[in-house]
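Notes for the one structure printed next.
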Amino acid sequence: MANTETQTENHSTEGSAQQYIGHHLNFFQVDVRDGSVVHAQKHDGSKCYLTDILTFNKCEAVHTVKKEESHLVNPYTVNVDSLLVSFVLGLVFFLIFARVSKKFTTNGKPGRLQTFIEMVVLFVDGNVKSIYTRRSRLVAPVAITSFVWILLMNTMDLIPVDWVPALAGFIGVPYFRVLPTADVNITMSMALSVFVLIFWFTFTRKGLKGFIKEMTLHPFNHPVFIPFNFVLESISLLSKPLSLGLRLFGNMFAGEMIFIMIALFNTAYTFALQPFLSVPWALFHILIICLQAFIFMMLTVVYLAAASADEEEKS
Amino acid sequence: MNEVVSDVIGLNMIGAGLMMGLGALGAAIGLGVLSGRFLEGYARQPDLDKSLTSKFFLGAGLTDAVPMISLVFGILIVLGVFPS
């Protein structure tokens with residue numbers, strides 16, 4: 001124990017690259033069993049609890065993880081930062097759209113905000129209509145929610161990497177990752193809700209019989225091939241949410257990681273390089289931000305359209 | 001002992017380089033084919049501009065995702081985030 005403490009002191013003075021990256025990749029995790037913050041301590045070295053942070057007692061990050069803890073995933077932790085940011089952004093999206101749709105006018109000149117929202121709605125609506133050709137009251141709302149929400153969450157990547165953790169450290173929060181889509185829990189939970197929707201659409205359109213038929217008789221329509229078909233169809237079914245979630249996560253994590261790498265140019269000579277690296281990457285990243293939100297939306301609609309397609313339509 | 005450790009680190013670096021490089025290679029070929037075909041299709045049917053563009057971006061995003069993921073894991077290996 002004494003050994004780890006001296007290591008902590010060394011690192012806090014040295015501030016090595018790995019330390020910096022590790023600090024930026026650490027979530028603000030709270031253990032739900034006792035409310036303690038993971039990898040954090042108070043000034044006197046005692047355990048830091050969520051109530052300490054809420055009452056403005058400062059906590060600091062503990063960088064060295066004990067060996068026996070480091071390889072185990074603690075299933076009782078909750079990533080408070082991702083949940084908070086995604087909830088706030090979802091609320092922003094919802095309130096703005098609700099306000100505009102309530103004040104919606106067709107007579108006279110529409111305001112700027114209404115024009116913008118109309119553009120977004122028409123864009124999503126056009127894309128949904130071109131893929132999902134039948135009538136549904138669920139698909140277009142799901143599409144616009146996932147598009148705008150993911151777009152807002154991805155945009156958090158353009159906030160300079162050190163601002164939010166520094167601000168959080170100032171008020172005593174040891175870690176804060178502002179980009180929710182770089183948290184695999186958030187992206188996979190969104191992908192899993194799409195997965196549930198796929199099942200819902202399949203069952204409501206085709207029934208249990210149709211679902212079993214699709215799983216067992218689909219590529220090769222012969223009783224001999226039933227086990228083979230089942231394996232093939234299960235893989236294609238399970239790969240849908242997996243690829244959906246991991247694609248978004250991988251892209252946003254990559255973008256964040258490269259911003260962190262650029263921020264590592266912190267010596268006196270290389271400091272001036274930073275704007276010339278981070279600004280082009282940010283400009284390129286705007287494309288990725290919009291593209292990934294768009295792809296998530298499109299693939300959701302494509303999967304739902306495939307789930308509700310009839311047998312004749314599919315072949 | 002030190003030699004073994006440095007060998008392992010060196011192999012890690014080679015692996016990370018291969019990950020990043022091969023991922024980028026595949027995506028480059030894919031994006032080249034994709035945009036070439038997009039231009040071909042656009043030249044043939046200029047009316048389909050809008051639907052082609054959206055499908056092009058969809059395909060570009062799908063192609064772009066894989067090397068990005070391998071790039072990240074390559075960087076993580078270079079930095080030694082994964083304990084070996």
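The values are calculated or read from the model by the stated rules, or taken from the named source; none is laboratory data. Fair warning: this is a prediction, and the values are worked out from it, not measured in the lab. Cβ atoms come from the backbone with ideal geometry, glycine included; neighbour counts cover every protein chain shown. Remember, those area values only see protein heavy atoms, side chains included, never the ligands or the DNA or RNA. Shrake-Rupley method; radii C 1.70, N 1.55, O 1.52, S 1.80 Å.
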Hz values of 3J(HN,Hα) by residue in region A:123-132 - Karplus curve (6.51, -1.76, 1.60), Gly and Pro given as x: 4, 5, 4, x, 5, 5, 4, 6, 10, 9
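Provide a whole-number value for the mean count of partner chain Cβ atoms within 10 Å of the Cβ atoms in peptide B:51-60. Show your work: numbers first, answer last.
Working: counts 3, 0, 0, 6, 2, 0, 6, 7, 1, 3.
Partner-chain Cβ atoms within 10 Å, mean over residues of B:51-60: 3.
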Per-residue ³J(HN,Hα) for region A:202-207, Karplus 6.51 cos²θ - 1.76 cosθ + 1.60, θ = phi - 60°, Hz, x for Gly and Pro: 4, 5, 6, 8, 10, x
Relative contact order computed over region A:216-315 (Cα-Cα under 8 Å; 6+ residues apart), in percent: 21 percent
Area accessible to solvent at A:Leu287, 1.4 Å probe radius, in Å²: 80 Å²
Label-point gap, in nm, between A:Ser243 and A:Val196 - each point 7 angstrom along Cα→Cβ: 2.4 nm
Extreme residue, positive dipole direction of chain B, given options B:Ala28, B:Phe73, B:Leu52 (C-beta unit charges): B:Leu52
C-alpha center-to-center spacing [region A:145-181, region A:82-111] in angstrom: 21 Å
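Per the Kirkwood treatment, what hydrodynamic radius in Å, one decimal, follows for the protein assembly as shown from the mean inverse distance over all distinct Cα pairs?
Working: mean 1/r = 0.0412 Å⁻¹.
Taking the inverse mean of 1/r over all distinct Cα pairs, the protein assembly as shown comes out at 24.3 Å.
How well do other chains shield peptide A:258-266, expressed as the mean number of their Cβ atoms within 10 Å of each residue Cβ?
That average works out to 1.
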Degrees separating the helix A:139-155 axis from the principal Cα axis of chain A, which is the longest one: 20 degrees
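Against the empirical 2.2 N^0.38 Å scaling, what ratio does the C-alpha Rg of region A:119-227 come to?
1.59
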Folded to 0 to 90 degrees: helix B:2-44 orientation relative to chain B principal axis, Cα: 0 degrees
FRET E, pair A:Leu95, B:Leu18, Förster distance 51 Å, beta-carbon r, rounded to 0.05: 0.60
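Take each of the peptides A:41-49, A:185-193, A:142-150, average the number of other beta-carbon atoms within 10 Å over its residues, and list them starting from the highest.
Values: A:41-49: 14.2, A:185-193: 19.2, A:142-150: 22.0.
Order by mean packing, descending: A:142-150, A:185-193, A:41-49.
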Accessible-area composition of the protein assembly as shown, carbon plus sulfur, in percent [1.4 Å probe]: 69 percent
Inter-site label distance for A:Val120 and A:Ile159 at 7 Å from Cα along Cβ, in nm: 1.8 nm
Relative contact order (percent, whole number), chain A, Cα cutoff 8 Å, 6+ residue spacing: 21 percent
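Using a 10 Å cut-off around each Cβ of peptide B:67-75, what is the average number of partner chain Cβ atoms that fall inside? If you can, show how the numbers build up before the last one.
Details: counts 2, 11, 7, 2, 4, 11, 4, 0, 6.
The shielding value for this peptide is 5.
Sorted by mean Cβ packing within 10 Å, highest first, what order do the peptides A:219-225, B:70-76 take? Don't skip to the end; give the middle numbers.
Details: A:219-225: 10.4, B:70-76: 20.4.
Ranking the peptides A:219-225, B:70-76 by packing returns B:70-76, A:219-225.
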Rounded to 10°, Cα long-axis angle of helix B:49-79 versus longest principal axis of chain B: 0 degrees
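Rg/Rh for region A:208-315: what does it come to with C-alpha atoms and Rh from Kirkwood? Intermediate results must be reported in sequence, preceding the final value.
Details: Rg = 22.2 Å, Rh = 17.5 Å.
When Rh is taken as the Kirkwood radius, the ratio is 1.27.
First select every other residue whose beta carbon is under 15 angstrom from the beta carbon of A:Leu158; then total the charges, Lys and Arg +1, Asp and Glu -1. Present the calculation step by step, with values, prior to reporting the outcome.
Working: positive: A:Arg177; negative: A:Asp157, A:Asp162, A:Glu256.
Cβ neighbours under 15 Å give a net charge of -2.
In debye, nearest 20, what is the charge dipole magnitude of the protein assembly as shown about its Cα centre with +1 on Lys and Arg Cβ and -1 on Asp and Glu Cβ, if you could check?
Approximately 1780 debye in magnitude.
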Links that overshoot a 28 Å alpha carbon limit, given the list A:Lys240/B:Lys55; A:Lys103/A:Lys129; A:Lys103/A:Lys240; A:Lys206/A:Lys240; A:Lys213/A:Lys240: A:Lys103/A:Lys240
